[in-house]
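For reference, the structure discussed in these notes is given below.
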Amino acid sequence: MVDKKDSANKITLNEEMESEKSDQEIARENKMEKLSREGIELFPHRVETTHSVFDVVSGFSSFSNEELEEKKVGVFVPGRIISIRKMGRAIFFHLADSRTKVQAYLREDKVGKKYFTLFSLIDIGDIIAVKGIVFKTRTGELTVLADSFTFLAKCLHPLPEKWHGLQDIELRYRKRYIDLIVNPEEREVFRLRSTLIRHIRKFFDQRGYIEVETPMMHSIPGGALAKPFKTFHNALGMELYLRIAPELYLKRLTVGGFEKVYEINRSFRNEGISSEHNPEFTMLEFYEAYKDYNDMIELTEELLNYLSLTVLGTKELIFGEEKISLKRPWKRIKFIEALVYYSGLSPRKFDDKTGIIEFASNLASNKVPLSYGKALDVIFDKYVKHNLIQPTFVMNYPREISPLAKASRENLEEVERFELVMGGMEIANAFSELTDPKEQRKRFKQQAAEREKGDEESHMIDVDYVNALEYGLPPTGGEGIGIDRLVMLFANRKSIREVILFPLLRPK
């Protein structure tokens, strides 16, 4: 029996593949056929070039034309054509790579009539390699005077108009490859992301941490309060979950004697999509033995200042219309104090647990039954978070919504936990880790009871993790930082989709 949904998807795909071609697309296909008839290899296996576009620009821009003429620098440089300007028997065009562009100059008397005529079969978007000598024009523009060119790939679709780029937001995310071709500034966002992650690794490696990898498929989801994605392993005949966090495995490693560990990991949470949420996301998690959440505060301030200075050369971030200062120390405020200050509710109101649950239930979008702790979290999201633009450590969360954190030394109903909020977003979450196996088992049972009431985000009982704690977890500080949101801050992007190459989208 054919699944109707699969059948519909196939029909949609077939229709899209066989959709009516535009006149420009037909013309480009005809040009490719003519190139083939002229003996041009349409799909070459490789090309032996001497320079990238970036190499040419970075290596020779500082030279004067006289110096270039004296050196007679020869290059064979590949790139995508992003503009063409014909002037009689001469053609100027620009080649681009992932970082920059360079002008090339083709003259009929230089390359011969055959090559010059062949260039009429080349379109904006095509990829070629140009062989020639580097010089500067009278206006000072670095240029390659072409001796010849080699065809590498045909672009069969016209690119978005030069001056307006790709403006359709959804199309940019759905067809990121076009976005990256025509919007160079977007390539820089992902170059920044790569640089940021590279320096995160450097920061922790220099401090004696080791990078590890932990499972992405879990038999019991844990490490955060979130609804997991389910999958099934056929050979083992068992249900598995995509990880919502690597926390419990990283702490098992700390039990095993790895006193400083970190992981840059992919995690998955079956939750809504928004400007701050994508179901698949990247986190940094790190754990250090013999430390607590106060030490994590110091390390977090140090890390973000290091990244900002190294990657951006400043201790200030521009985020929208706000200027965020990373000058230490950062503001600290207790969770309940933040609720009272920003919600406008009186401190006494928070003593009325039933009233708070009722108040928060009217704010929650999913209308699931709320516990008192989750009600406080809903109020925090509604009234507090968006007000915290400068880096702020929100301290001492309710124990009920922090089942993996050690109780506060000041108030047993609170835990030693902080969230770092910047730019109105949660950036980091850290604990003094709960190390008492008896207390952890009790917390898991409380979570299991909430799960039975219908709360799918609550923890299951992880017996093996409790067993690991029984072998002795030293005092430990641990933290998770959202890489995607951190990139949003550093790249000044207001949507998480802007900093994820291929964000999840509903089928077209």
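Take residue 60 and decide whether it is touching a Ser or Thr at 6+ places or on another chain (Cβ under 7 Å) and either more than 23 Å from residue 116 (Cα to Cα) or open to solvent by less than 50 Å² (accessible area, probe 1.4 Å) (or both).
Considered against the rule, which asks whether it is touching a Ser or Thr at 6+ places or on another chain (Cβ under 7 Å) and either more than 23 Å from residue 116 (Cα to Cα) or open to solvent by less than 50 Å² (accessible area, probe 1.4 Å) (or both), residue 60 comes out as no.
Only one of the numbered conditions (1) loosely packed, with under 14 Cβ neighbours inside 10 Å; (2) more than 21 Å from residue 474 (Cβ to Cβ); (3) modelled with pLDDT of 95 or more is not met by residue 290, and that is (2). Among residues of region 158-171 that are closer than 13 Å to residue 186 by Cβ, those with a Cβ under 7 angstrom from a residue that is in a loop (DSSP other than H, G, I, E, B) and modelled with pLDDT of 65 or more, sequence gap 6+ or separate chain, pair up as 165/183; 166/160; 166/183. When region 69-82 is limited to residues that are out of contact with any helix residue (DSSP H, G or I) (no Cβ under 9 Å at 6 or more places or on another chain) and at pLDDT 95 or above, the one that is farthest from residue 135 (Cα to Cα) turns out to be 81. For region 232-242, check the following and say yes or no: at least one residue is of a type in the set (A, V, I, L, M, F, W, C), surrounded by 15 or more Cβ atoms within 10 Å (Cβ to Cβ) and over 22 Å from the mean Cα position of the chain (by Cα). Looking through region 232-242, at least one residue is of a type in the set (A, V, I, L, M, F, W, C), surrounded by 15 or more Cβ atoms within 10 Å (Cβ to Cβ) and over 22 Å from the mean Cα position of the chain (by Cα).
Does residue 263 count as acidic (Asp, Glu), touching an Asp or Glu at 6+ places or on another chain (Cβ under 7 Å), modelled with pLDDT of 95 or more and part of a loop (DSSP other than H, G, I, E, B)?
Working: acidic (Asp, Glu): yes; touching an Asp or Glu at 6+ places or on another chain (Cβ under 7 Å): yes; modelled with pLDDT of 95 or more: yes; part of a loop (DSSP other than H, G, I, E, B): no.
No: the conditions fail for residue 263.
Considering each of 431, 359, 350 in turn, give the residue that is more than 27 Å from the chain's Cα centre (by Cα) and open to solvent by less than 30 Å² (accessible area, probe 1.4 Å). I'd like the intermediate steps shown before the answer.
On the way: 431 fails: more than 27 Å from the chain's Cα centre (by Cα); 359 fails: open to solvent by less than 30 Å² (accessible area, probe 1.4 Å).
Going through 431, 359, 350 in turn, just one is more than 27 Å from the chain's Cα centre (by Cα) and open to solvent by less than 30 Å² (accessible area, probe 1.4 Å): 350.
Need a quick list: helices (runs of 4 or more DSSP H) entirely within region 303-400 having at least 2 residues that are under 20 Å from residue 428 (Cβ atoms) and touching a residue at least 40 places away in the same chain (Cβ under 8 Å). First the steps, then the outcome.
Details: elements: 335-343, 353-361, 372-379.
Ranges flagged: 335-343.
What number of residues within region 122-149 are under 20 Å from residue 181 (Cβ atoms) and crowded, with 16+ Cβ neighbours inside 10 Å?
Final tally of qualifying residues: 9.
What do you reckon, is residue 78 in contact (Cβ under 8 Å) with a residue 40 or more places away in the chain, part of a strand (DSSP E or B) and either open to solvent by 20 Å² or more (accessible area, probe 1.4 Å) or within 22 Å of residue 49 (Cβ to Cβ) (or both)? Yes.
The values are calculated or read from the model by the stated rules, or taken from the named source; none is laboratory data. In this text, all values refer to a predicted model and were calculated from it rather than measured experimentally. Don't worry about glycine lacking a Cβ; one is built from the backbone with ideal geometry, like all the others, and counts go over all protein chains shown. In case anyone asks, the SASA skips ligands and DNA or RNA and just uses the protein heavy atoms, side chains included. Shrake-Rupley method; radii C 1.70, N 1.55, O 1.52, S 1.80 Å.
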